[in-house]
1. In region 17-42, how many are surrounded by 10 or more Cβ atoms within 10 Å (Cβ to Cβ) and either without any contact (Cβ under 8 Å) to a residue 12 or more places away in the chain or assigned to a loop (DSSP other than H, G, I, E, B) (or both)?
2. When region 77-101 is examined, which residues are found to be basic (Lys, Arg) and under 33 Å from the mean Cα position of the chain (by Cα)?
3. Suppose the filter is surrounded by 12 or more Cβ atoms within 10 Å (Cβ to Cβ) and either at pLDDT 95 or above or under 26 Å from Phe31 (Cα atoms) (or both); does Met124 pass it?
4. Select, from Ile46, Ile111, Ile133, Ile102, the only residue that is part of a helix (DSSP H, G or I), among the hydrophobic types (A, V, I, L, M, F, W, C), at pLDDT 90 or above and surrounded by fewer than 16 Cβ atoms within 10 Å (Cβ to Cβ).
5. Is there a residue in region 79-97 that is in contact (Cβ under 8 Å) with a residue 40 or more places away in the chain, under 30 Å from Tyr18 (Cα atoms) and either basic (Lys, Arg) or part of a helix (DSSP H, G or I) (or both)?
6. In region 43-58, which residues are without any contact (Cβ under 8 Å) to a residue 60 or more places away in the chain and of a type outside the set (A, V, I, L, M, F, W, C)?
7. Quick one: Lys74 ticks every box in (1) more than 18 Å from the chain's Cα centre (by Cα); (2) in a helix (DSSP H, G or I); (3) more than 26 Å from Leu15 (Cβ to Cβ) except a single one, so which number is it?
8. What pairs come up if the first residue lies in region 145-158 and is within 17 Å of Ser47 (Cα to Cα), the second is part of a helix (DSSP H, G or I) and of a type outside the set (Val, Ile, Thr), and their beta carbons are under 7 Å apart, counting only those six or more places apart or on different chains?
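The values are calculated or read from the model by the stated rules, or taken from the named source; none is laboratory data. Keep in mind that this is a model prediction, so the values were computed, not measured. Cβ atoms come from the backbone with ideal geometry, glycine included; neighbour counts cover every protein chain shown.
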Amino acid sequence: MDEINKYLNKRSEELMVYKMPKNENLMEEVFNFDPRNLESVSSENISKYAIALAQFLIYFTSQINKSRVLLMQKRRFMDLSVKQSEIAKGRLIKADYKRKVIDSSEELKQIEIDMEALESELIMVENVERGYIELINCFKRELTRREHELKFARDERRL
């Protein structure tokens, strides 16, 4: 597993997977944004919010993907450990045998806890990126709306 992790770390560096900043202060500002004050917010700030959200979405996705990889590695290690176990299977059904193997090893118990935490994390953040994308699109639509209003006002003055 160490070779795989070395490879993954090397590839993540080459692909700049974890290079995107999460810019917590700006994200707090975005998440605390009050839409009732939309007209008083400059287009520059709205653009900044959209870009910050897009950067955060990249960061968020990379972290979720990292959790998926960790979960996959832990599942494989668990399955391999159960298959290679020296514990006599006897008349136990597969689930009972797996439970017996896990209960016999502190390392496997901890891996099971880690897997449960990772599975819960993935369920907790499931489809959250859709919300971020929708918020980015809302900011972009607002910028487009403002652009059209400005163009309309210019055209009105020409007439």
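1. Result for region 17-42: 11.
2. Hits for region 77-101 are Lys83, Lys98, Arg99.
3. It is false that Met124 is surrounded by 12 or more Cβ atoms within 10 Å (Cβ to Cβ) and either at pLDDT 95 or above or under 26 Å from Phe31 (Cα atoms) (or both).
4. Every option except Ile133 fails the conditions.
5. No, every residue in region 79-97 fails to be in contact (Cβ under 8 Å) with a residue 40 or more places away in the chain, under 30 Å from Tyr18 (Cα atoms) and either basic (Lys, Arg) or part of a helix (DSSP H, G or I) (or both).
6. Residues satisfying the conditions are Glu44, Asn45, Lys48, Gln55.
7. (3)
8. Note: pairs meeting the criteria are Arg146/Ser43.
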